Every structure is written in C-alpha cells, then in structure tokens.
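Working notes, structure below.
The values are calculated or read from the model by the stated rules, or taken from the named source; none is laboratory data. Everything numeric here is computed off the predicted structure, so don't read it as measured data. Backbone-built Cβ (ideal geometry, glycine too); neighbour counts: all protein chains shown. Just so you know, the surface numbers come from the protein's heavy atoms only, side chains and all, with ligands and any DNA or RNA stripped out. Shrake-Rupley method; radii C 1.70, N 1.55, O 1.52, S 1.80 Å.
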Amino acid sequence: LSIKEISSFTDFPGIELNPVTKRGYFGASSTANLGVTNVPMHRVPVGPIASMGELIHANLASGRTLPRVTHPFGNSHAHPMIQTNKIAQSGGKVSFDHHYLDHSFLLNQTLWDEYFFSSIVDQSESYTGVERTQSEVLTDLLQGTANNPLNPRLTPASLSEGREEFVDRMKALPENAAKELSSALMVRGMFNINSDSVDAWNSILLALRSESVHGWAGKEHQLHYNTAFPRMGLSLGGDPSLGDPPPADVAGAVRWAGFRSLTDEQIKTLAENIVLELRKRTKLDQAPYQSLAEFVNRRIGAKGELHAQKGVIQAAIDNSGINTFAPGDSIKVDLNKLDALDKKGIVNADALEGYSAEGSPVSITQGDILSALSSHISVRGDTFKIRAYGDARGSNGRVIAKAWCEATVQRIPEYLDPTDKAATRTDALVSESNRRFGRRFVITNFRWLNEKEL
C-alpha cells in the first residue's frame, strides 16, 4: 500500500480537487457537486489482529495479475471477465499478463481454513490500555485471568502438560508458536454455519446489537437498538440513516465515510434468507459445507446455476433487500446501455449488471457480515449431547423399570493416544489408534433424566 499526496491536476491528472480542502472527489460521481472527498476503503491495522475478518478490508490482491478487485477476501462475486465455471481464464491482449484470476475464490480457498490469529503478541498501552509482553498475555489467558487477548472468545484447552511448562515451551519456539498455540486454544461459543435454524442465525447476527462504534478523534457513534457492521477500526462517519453527523472536516460525506447498521427487522429478514440459501445449496450438493472456504466462496458451475455468481451470504443479502441506494449515491449498470468499448472482454454479463455503489460503505456486503462473525464460526460442532435409555424386564418380559440419562461430550485438541502431540497433522500421525479414531472425547456433564424431560 502506498500513499501519495495529491494537491493539483499535475500531480495526478484526472482527479478533481476541492479548491478549499485540496481533497480529491470520489464516490457517487467525479463531478464536484455530486462526489465526496472521503471514501475509506482499506483498513490499515494499528494493533494486533484478532481474527481473519480483519483481513477482509485489506488490499490482498495488489499483484500484477488482473483483474483488479477491491476487498477480494471474504467476498465472493464472480467477475465479468471470468466465466462462472472457471477460477482462471486467458484474458485479452494485456502487455504484462495474458491471464485473469478469480482473486476472491483463490484467497478464500487459501486462507480461511489454514490460518488463525490468536492476538497473543506484545501489546502496547496505547492500543489495549495496558502494556504486556507476549509471555504475560499467554500466561494470563491460560490462567483464566481477566486480561485476555483481544479475542475474548479464546479459552485454554485442557493441557496434558503443566501450564507453566507450556508457556516456557512457547517462549523457546517463537517461529512455531502459532502452530503450537492452535492446539492449546479453544473457542467459546463456536457457531456452526451449517445450522439451518433462523433463530440461531438471527441470534448470532444480533450479537453486536446496540454496541457503540468507535469513531475518529475519540467520537463514539451510539447505535441504540441497531446492529452495526463497521469496516474501519475508527469510523470516520456514522450511520446516515440514524442521523449521525460526520466530523466537521468531512461534512457532506457522511454516506460514504461512515458505516451501515441494520434494524432488528432487517436482521431477521437476512437470517431467513441465509437459511433459505443454505437449504438450497445443501439440497443441491447433498452434503453440508466441509470447509469455511466452501461456505464463503461461490459455487463453481455453469452460468445460471445456483450460487455460481455469488456465495450464500451475498445471495441472501441481495435477496433480502437490505441494500437500497439513494439516487445521488449510485446508478444502475445496464449492459444494454454500455458502449462496445465497455463490453470488451465481458464473458459473464450477469456479474457486470447491478448498481455502481455496490460494495461501497453505503452497502452491506458478505465481507461485512463475515468480518463480524469470523472469530467464532466453524463448519462443525465439537460439543455433542448424547441421550441413552435402558430398562429392566421381569421374567414375563414386562418392563418393570426405566432409566434415561444425558451426557455432554466434547472433542478436545489432544489425540486419543498421547504419543502424537496435539499439533501433529493427521497425515503425520504415528499412532494407529490416532489414525483410526482421531481426537480425544471427554464427558463434560452427565445427568439422569425423568420421562417428562424427554
């Protein structure tokens, strides 16, 4: 990422400048009376990253391979210059490259299931309120003290070795710390995205309801009863629908410098549409999602097939109608009204059509939703409730006694046979028991039931 100051047309021809502030116009139009001067699009983190969601607004597709894509990670739109049944395609006669890549698909496939951020690093007082070393952060987490990492859902797993010994071992292996840490941490309240419960999705989407949003220059944007989905660590503006004004130096740019929030009714509508899209996809594939990347990405298929143009969450957003654009913010993109030059190289026209403001700060995207959920979503559950029944019969075969019980069973990172360390990949296991049975299960709760509880 490079930043260059622009103060005149000669610095960067084609950019129209506000003569008072010397800021360039962008947004709804390149015309001064319609454009705005502040459009935050990329987030530069100033502290430890706590989840994969913080990469969604990073500039991860800045390489030389076309096409250029803003916010590729976490989003799933098909590209107009790539057919829906491909993730790479030969392009036009470009001087430095002859191929196009579906950056969104490839980034999602590479990152979602292979990496995580623990936020267990040296922490500065200016960012977290207290200065602590990485060792102190890790010790506090494993001991269950109040000073947890930035992701409060992280909790220590049961360790076969002592916690002090584990911390010492982490100090000795800094380059492998992330791999080892992943075997010692669990996530409290993990949500399985294969759930087709509207109530479950509604609940998880409402997790940040009424939470205020930190703004620029110490401003707090109060949400009251809405749920915010901010893209920036320090939002420049607020939600225009709530009448939240921007700072004085960005007046008039509130729609393109702020964030979107959703009402309870909009959240419920979105949850219903997510479940509807999930059921369509699992019915077609006859299987649940087996990875987060599969859930996030569009489905590779012929034009017109289910989710070939966009992933489940984005399809649900579009179908729910929660994104509406003011006339001054967006124009309708119609393929039939474009000239021949603008259509050059188009092989997937459906991906081209829509509104010009889609993906801008005035809209909710799949990436915005995943940014809020990324720290606690998975494609499987590790906690199971098992119920059993037994009876006793007399000599005549009649039941004379019945009993019911319930056990809560949890899968933990450690393998059944401790010969293999928890961080060992499955394809490198030594123990035959571990190759056959995998991770250890422990009973976390047991109780007897009466018939009325069934």
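Tabulated data
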{"item": "Lysines with Cα under 20 Å of Lys310, excluding same-chain neighbours fewer than 8 positions away", "result": "Lys86, Lys280, Lys283, Lys332"}
{"item": "The stretch 285-439, relative contact order in percent, only Cα pairs under 8 angstrom and at least six apart counted", "result": "15"}
{"item": "5 angstrom amide H check on Tyr355, placed H, neighbours 5+ away", "result": "Val333"}
{"item": "Theoretical gain in end-to-end length, Lys343 to Ala407 [0.36 nm per residue, Cα-Cα removed]", "result": "16.9 nm"}
{"item": "Cα-based reach from Lys344 at 16 Å (exclusive), listing aspartates and glutamates while leaving out same-chain residues under 8 positions away", "result": "Asp334, Glu353"}
{"item": "Spherically averaged projected area of the stretch 196-241 from its Cα convex hull (nm²)", "result": "3.7"}
{"item": "Using a Förster distance of 35 Å, the FRET efficiency for Arg387-Tyr225 (Cβ separation, nearest 0.05)", "result": "0.35"}
{"item": "Estimated vicinal HN-Hα couplings, Hz - the stretch 111-117 in sequence order (Karplus 6.51, -1.76, 1.60; Gly, Pro = x)", "result": "9, 4, 9, 10, 9, 7, 10"}
{"item": "Two-site label geometry, Met186 and Gln89: point separation in nm, points 7 Å out along Cα→Cβ", "result": "4.6"}
{"item": "Largest to smallest accessible area among Leu154, Leu284 [probe 1.4 Å]", "result": "Leu284, Leu154"}
{"item": "Contact order relative to length of the stretch 267-366, as percent, for alpha carbon pairs under 8 angstrom and 6 or more apart", "result": "26"}
{"item": "Under-5 Å amide H pairs with Arg260, H placed in peptide plane, nonlocal only", "result": "Phe229"}
{"item": "Global geometry of the stretch 289-419, whether rounded, prolate or oblate, following the gyration tensor of its Cα atoms and the 1.5 cut on a/c", "result": "prolate"}
{"item": "Cubic angstrom per residue, convex hull over Cα atoms of the chain", "result": "217"}
{"item": "Dimensions (Å) - the stretch 106-145, Cα atoms, principal axes, largest first", "result": "38, 24, 13"}
{"item": "Per residue solvent-accessible surface (Å²) - the stretch 407-450, probe of 1.4 Å", "result": "67"}
{"item": "Whole-number percent relative contact order across the chain, with pairs defined as alpha carbons under 8 Å at least 6 apart", "result": "17"}
{"item": "Rounded accessible area of Leu242 (nearest 10 Å², 1.4 Å probe)", "result": "80"}
{"item": "3J(HN,Hα) from dihedral phi, the stretch 256-261, Karplus parametrisation 6.51/-1.76/1.60, rounded to Hz, x for glycine, proline", "result": "9, 10, x, 8, 9, 10"}
{"item": "Per-bin percent of Cα-Cα distances, the stretch 205-357 [5 Å]", "result": "1, 8, 13, 15, 15, 16, 13, 10, 6, 2, 0"}
{"item": "Surface share of carbon and sulfur [accessible, 1.4 angstrom probe, percent] for the stretch 310-388", "result": "50"}
{"item": "Glu414, Glu265, reordered so the largest accessible area comes first (probe 1.4 Å)", "result": "Glu265, Glu414"}
{"item": "Protection proxy ranking of 270-282, 384-396 - average other beta-carbon atoms within 10 Å, highest first", "result": "270-282, 384-396"}
{"item": "Residues of type lysines that Lys179 reaches as a straight line, Cα spacing below 29 Å, ignoring anything fewer than 8 places off in the same chain", "result": "Lys171, Lys421"}
{"item": "Amide H partners (placed H, <5 Å) of Asn75, local residues excluded", "result": "none"}
